[in-house]
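Only the coordinates and a few stated rules stand behind these numbers; no lab work does. Quantities reported herein were computed from a predicted structural model and do not represent experimental measurements. Reconstructed Cβ throughout: ideal geometry from the backbone, glycine too, with neighbour counts over all protein chains shown.
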Amino acid sequence: MKIRFIYLCCLFITFMSCSEYKQSSVEVFYETDLDEFINPERGFYRPFGTKASNFVPLNTEILLNLRKPNPAAGGFDVATSLTYRAYQLDVFKEKLISNEILNAIQTDMDIIRKVGNKIVLRFSYSDSCCTPPFNDAPKATILKHLVQLKPILEKNKDVIAVVQMGLIGPWGEQYYSDFFGDLEHGPVTDQNWLDRNEVINKLLEVVPVSRMIQVRAPYYKLRNLEGVNAHPEKAKPLTIDNAFNGSKIARIGHHNDCILANYDDYWTYNSFHKFPAVSDTLNLKKYVAAETKFLVFGGETCPGGDKGEDVYSPYNDCNSEGGGAQTYLKRFHTSFLNTSWSGAVNRDWANKCIDEIKRNLGYRFVLQRGLFPTEIKNDKTVHIELDIINEGYASTYNYRFVELILRNKENKNVYKIKVDTDTRYWFTDELQNIKLDVKWSENLPKGNYELFLNLPDPEPTIYNRPEYAIRLAGKLNSNSIWDVSTGWNRLSSNIKVE
């Protein structure tokens, strides 16, 4: 640990002179924590699919156990706080969802909350692939079901990380369909695209505005935004100017269920500005890579071979093995991957780059330095600085609070101040030098205090849950700064209030 004492002369709005008050400060340099640990809304997820015709509920004990390291396909262990939940509404293609199934979905959400996880959510109707009929549902049914699901989505937005588009075609991947056009065999009409857009728009309407949705291929988003004029060469990605503002372009993200399968991830980067589709990795990969800086991205790797074999090695191997796995995941700001598919691809990472990938999926905020007062006077403003760098592949994609917390070491009384910063803008490889001039509104009793940084979920139902707070990757004197009982990150242990 490196600690340096500094005396700061501060200028206040009240024009107090430097001779009247000099802040005594301590500068702390933290060690980078390379341990594996879970954080909300990121990392390797565990998939649990079920059919309405044979509904298998989530299991609390299983999910709790999976928050600790457990074997994953690919030959490595991983802990997870993220659950992928796919509901196949196979028996409701021509009727409303029954109350029994709606209640069962709500029970699943209650279990997710009890465990402390977040959920990646998808609804579909069929797994009949890849020649017709595909046995998915007509548009009228889907729109009615979305109306039914809206109350559940709103009630449980606290534990929903993101909602995947689903709904159309086998597994909800929107490629094949009996009602929305068969994107491999045809025909695909302008009306098919209008119908697809109507479903996307309805999903955006029923999903709480604070949450994003994901579509399976970038052209689907382009077609929704640009209509018949959609073309990869004209694609304009989301920029920082309108990121996170609740608009359509800022809420439609991307999921890729064939990551690193081959050069175009098996039709992921197809463009349907003409039919048959043409692969356009040059423009569409650039488009997705640019806007996933501000949008959620994740999915699963894909082997590509007819018998489940990996056909893209060594290109999808670790960077050190001549591949580009980490480069790909970082380029597209990948927040999560499937633990169960595909082991054929993921096993090439085991004992090589898997530890790096586990650490860096999503965000990984490393606390490097802090500057703190050694004492606080109730009528004085104090200066605090924090240096935090994001070493992960992505930033956070859902909003959360950032708070400074003082806790009395004797009586454990707590005093909080909200920090005006947004972790969604803590981008990859960027250093956040946070400089704060703060004054606690409460009158702080005399005593010895600890100072913490808290990054909790803003939803009132889980705000106080440590499982939903972000852990910083920092150590002090070789000990983690994470307080497991509160979910706070300890910055300093020796601040006096006079």
### Query
Working out 0.36 nm times the residue gap between Glu321 and Ser493, then minus their Cα-Cα distance, what length gain in nm do you get to one decimal?
57.5 nm
### Efficiency of FRET from Cβ geometry, Glu198 and Ser313, R₀ 35 Å, rounded to 0.05
0.30
### Query
Just how far, in whole angstrom, is the stretch 24-39 from the stretch 248-282 if you go by their alpha carbon centroids?
39
### Query
Helix-derived [θ] at 222 nm for the chain: sum -39500 (n - 2.57) over DSSP H runs of at least 4, divide by residue count, nearest 500?
-6000 deg cm²/dmol
### Over the stretch 43-360, relative contact order from alpha-carbon pairs under 8 Å, at least 6 apart, %
17
### Query
For q = 0.07, 0.08, 0.13, 0.16 Å⁻¹, what log10 I(q)/I(0) does the stretch 43-360 give under the Debye formula with an equal point scatterer on each alpha carbon and no solvent?
-0.26, -0.34, -0.97, -1.53
### Query
For Met212, Met165, what ranking results if the residue with the fewest other Cβ atoms within 10 Å of its Cβ goes first?
Met212, Met165
### Message
With the cut-off at 31 Å, tell me which of the pairs Lys118/Lys286; Lys114/Lys377; Lys157/Lys293; Lys114/Lys221; Lys51/Lys202 have Cα atoms farther apart than that.
### Response
Lys114/Lys377; Lys114/Lys221
### Summary
The summed charge of the Leu183 Cβ neighbourhood (under 12 Å; Lys/Arg +1, Asp/Glu -1) stands at 0
### Summary
Rounded to one decimal in nm, the spacing of the 7 Å Cα→Cβ label points at Glu233 and Glu27 is 5.5
### Query
What order, most packed first, do the peptides 404-410, 283-289 have when packing is the mean number of other Cβ atoms within 10 Å of each residue?
283-289, 404-410
### Summary
Per the Kirkwood formula over distinct C-alpha pairs, the hydrodynamic radius of the stretch 119-221 in angstrom is 13.8
### Message
I'd like the antiparallel share, as a percent to the nearest 5, of DSSP beta bridges with both residues in the chain.
### Response
65
### Query
Measuring from centroid to centroid over Cα atoms, what is the spacing of the stretch 420-452 and the stretch 327-382 in Å?
20
